[in-house]
Structure formats: structure tokens, C-alpha cells
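The values are calculated or read from the model by the stated rules, or taken from the named source; none is laboratory data. Remember, it's a predicted structure, so these values are computed and weren't measured experimentally. Positions of Cβ are generated from backbone atoms using ideal geometry, with glycine treated the same way; all protein chains shown enter the neighbour counts.
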Amino acid sequence: MIKPLQVLCLCLVFVTATLAQGKAPLYGFTAFPYDLTLEALENVNTLVIDNSSLYAVHNMGFGDCLPWQEALKGQAFPQWIQDDWADIKARIPAGVPLSVHITPTQSDRYTLAYQCGITADEAGQMPQELIDKPYNDPQIITAYSNFAKRVVDYFEPDFLIIGIEMSELSLSHPEEWEKFAELMTATLERLHASQPNLKLSVEFVLQSLLLPRVAEQVKPLVEQLDFLGISFYPYGSEFGEYFGAPALPAPPAQWLEPLEWLRSYTEKPIAIVETGYSSKHRKVNNVNFTGDEALQAAFLKDLIRFAKEDSYLYLIWFVPVDYEKLLAKLPQGDTATVAEIWVNTGLFDSDLKPKLAWRTWQTLKN
């Protein structure tokens, strides 16, 4: 039986590619299982792996924790982390490029990740040297950059994301951004010094980047990156608005205008690290997440066009199969509520029947 936390936090990503041109973007989706069974995991893997050209690991399977103590002191990571890493590494096809995504914060994109415990189901004790310290504290920087380097040394990725959806920090806590940017800059510099060929980035939410204040504040960091990582779920406009991001217009301008803006924001290469569109309307805590199959297909068609025209490095569709069966088995609470947001973003329904957008996806192989 797969643990719910592992399902929600460990996303093994397989990406398919268009190989007609040397710089053609890579395309893919995570191998997110649609049910809490090994059969579901294998079915999803079978669905995508035959066409994969880039394999990626999203958030390292840790959820909201990091092994701060061990990274700071140069100690061995807890055995469960070592076992997870070994399992992940064993799945990576030989000779296939790898993208790994890590982040120093919890899912609120503000609070530092807590100390991992001796098992995956418990928290550890944060090192005294790191308690209540700001992002730019020298020992926070040392611990996080050490952790990032261990990830690089073990997995030898081609691409590394060192912060996930971090424009949300600028959006909600702008007073903390400069300290966080120092942490990112120091980590970038240390990794570049030891791994000059590694492509490094930080991931930003496109909707929050559309707020001029956020775009301006994070721009100095963006210009230090090897490429700009983007998270984009336009059907969730109301959710972004709740946190202060600007409202998106009705489709298709809902995605066309942000993608046009992105083209002009930076000359850095762009990668869509995670994206999706719901094929059903859902209301979660009085927030509307609109969508239908036709809109999903239209969004994907336009996104592929932008990816090709603007030479994106890659495009990852986050959920391949609707996971209503998985959702029904999750314990009721915040985790299950949050999981509702993406439940119908698959290109297949819960019975593994392809949706309209799957035909669009197939054009990527041509």
C-alpha cells in the first residue's frame, strides 16, 4: 500500500520530447498515481515511460521537511531518506537527462521546512543553530547549500530547481524576499562553482509574477538563473486572487495574456515545471476552480504552441490521470481538501479513458 504522504509529495516525472530540432522543448507529465495501489503506480508508469526523454523528481518526496541537522553537520541522512533516494535512483533510466526539484520551505512557501525525523511519519528536532534564523543566516545558507550539493552529487541531474513556487513569498511576505534571495544566490553560486554544467533555476507562479510589484522584486534573482521555472494553473485564478495575485480574464485570454507577457518578461530560457487544467468544475472552500474538457484541450494546444515558438526547455503536465479514487481514500482534512484542486486535471479520466486533450498531447510525438 502506498502512503498518502508519499503519493502527494513524491512525484516521479517522466517527460516526452519532440526530437525534430536540436533545441526542441521536452514535454511530459508526472507519474502521479490515480489510486493508493501499486497497480495504479505501475499503470501510470506504463502510460508514460515508453516516450520519456527526461526524468525528474519533484520535491524529493520529503513533503515539508529537510534533513537540516545532517546537512549542516555532514552526517548521514536518516535511513528512510537513504532508502527513498536509492529507490528513486533505481527508477531513473540510464542515459536519460534528469531534472530534480527541491525547496527550503514548507508548502506555504514561507515557513522553513522542519527537521526530518528518524522515520517519514514524524518530525525531528531543528538544530539549535538554525532555530528562528532568517533565510540569509550563514548557517541556514550552509545547511541548504550542503543539502543541494548532496542531491547533485547523488543524482547527478542535468537541471536543478532550488526553490518551488517562490514568487508566493514575494506576494505574501515581500519584506522577507531579499533575505530569501540571498539564500538562493548563495546556493546558486556554490553549485555553479562545483558543477558549472548544471542548469539551475527557481520556480515561480506565473499568476503572481503578473503583479508588477512581484515581477520587479524577483527580477534580479531571475536574471541570475540559467532558466526561468514556471508553475501555471490558469483555471485556479480565484485561488491566486485569494492570496493577492491579479485576476486572470476569461478563457482563452486567461492563459494567452500571461504567456504573451512571459515572453516579454525575460530573455532567459523558460521551462514550465508544472502545469495543468481541470476538465471539471470544482468548488473548494468556496473557491471556484472552473474547467471542462474543451477548455483543457484548448489550453494545452496553445501552451504547446508557445513552448515551440518560444523554445521552452520543457513543459510538464502535472497529473496524467484523474485521481478521484485516490482522493476518496485520503484521510479527511487539509491534505485531502488541497488535493481536490488538481483531481480532474488528468488527460485521462479515473477509468483511464482518454479526454479530448490526449489527442492534442499525441501531436507532440510528430
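Looking only at the stretch 55-77, count how many residues are on the phi > 0 side of the Ramachandran plot and either part of a helix (DSSP H, G or I) or surrounded by 13 or more Cβ atoms within 10 Å (Cβ to Cβ) (or both). Within the stretch 55-77, residues that are on the phi > 0 side of the Ramachandran plot and either part of a helix (DSSP H, G or I) or surrounded by 13 or more Cβ atoms within 10 Å (Cβ to Cβ) (or both) number 4. Output the qualifying pairs, or none if there are none: Cβ atoms under 9 angstrom, residues six or more apart or on different chains, first residue in the stretch 150-172 and under 11 Å from Leu198 (Cβ atoms) and small (Gly, Ala, Ser), second residue surrounded by fewer than 23 Cβ atoms within 10 Å (Cβ to Cβ) and at pLDDT below 95. Listed by first residue and then by second, the contacts come to nothing, as the list is empty. Scanning the stretch 76-125 for residues being under 20 Å from Leu191 (Cβ atoms) and touching an Asp or Glu at 6+ places or on another chain (Cβ under 6 Å) gives a total of 4. Of all residues in the stretch 152-169, those being out of contact with any Asp or Glu (no Cβ under 8 Å at 6 or more places or on another chain) and either among the basic types (Lys, Arg) or over 19 Å from Phe227 (Cα atoms) (or both) number 3.
Condition first: of a type in the set (Phe, Trp, Tyr) and more than 17 Å from His58 (Cα to Cα). Now tell me which residues in the stretch 306-329 satisfy that. Spell out the reasoning first.
First pass over the stretch 306-329, keeping only residues of a type in the set (Phe, Trp, Tyr): 306, 312, 314, 317-318, 323.
Matches in the stretch 306-329: Phe306, Tyr312, Tyr323.
Scanning the stretch 154-202 for residues that are among the hydroxyl-bearing types (Ser, Thr, Tyr) and either more than 17 Å from Lys268 (Cα to Cα) or crowded, with 17+ Cβ neighbours inside 10 Å (or both) gives Tyr154, Ser167, Ser170, Ser172, Thr187, Ser194, Ser201.
Counting only strands (runs of 3 or more DSSP E) that sit completely within the stretch 195-235, those holding 3 or more residues that are touching a Phe, Trp or Tyr at 6+ places or on another chain (Cβ under 9 Å) correspond to 199-201, 228-232.
Pro249 satisfies every condition listed in (1) free of Cβ contacts under 8 Å to residues at least 60 places away in the same chain; (2) out of contact with any His (no Cβ under 8 Å at 6 or more places or on another chain); (3) more than 26 Å from Leu313 (Cβ to Cβ); (4) not in a loop (DSSP other than H, G, I, E, B) except (4). Residues in the stretch 109-141 that are within 23 Å of Leu160 (Cα to Cα), touching a residue at least 60 places away in the same chain (Cβ under 8 Å) and surrounded by fewer than 18 Cβ atoms within 10 Å (Cβ to Cβ): Tyr110, Gln139. Kindly evaluate Lys73 against the criterion of being of a type in the set (Lys, Arg) and farther than 29 Å from Leu364 by Cα. Here the answer is yes, as Lys73 does meet what is asked.
The conditions of being farther than 15 Å from Ser201 by Cβ, of a type in the set (Gly, Ala, Ser) and under 21 Å from the mean Cα position of the chain (by Cα) are met by Ser311. Of the residues making up the stretch 223-267, just one is among the β-branched types (Val, Ile, Thr) and more than 17 Å from the chain's Cα centre (by Cα), namely Thr266.
Scanning the stretch 1-54 for residues that are modelled with pLDDT under 50, aliphatic (A, V, I, L, M) and part of a helix (DSSP H, G or I) returns Leu5, Val7, Leu8.
Among residues belonging to the stretch 78-91 that are in contact (Cβ under 8 Å) with a residue 60 or more places away in the chain and crowded, with 18+ Cβ neighbours inside 10 Å, point out the one that is farthest from Thr142 (Cα to Cα). Walk me through how you get there before you give the answer.
First pass over the stretch 78-91, keeping only residues in contact (Cβ under 8 Å) with a residue 60 or more places away in the chain: 84-85, 88-89, 91.
Those still in the list that are crowded, with 18+ Cβ neighbours inside 10 Å too: 84-85, 88.
Numbers: Asp84: 24, Trp85: 22, Ile88: 25 Å.
Result: Ile88.
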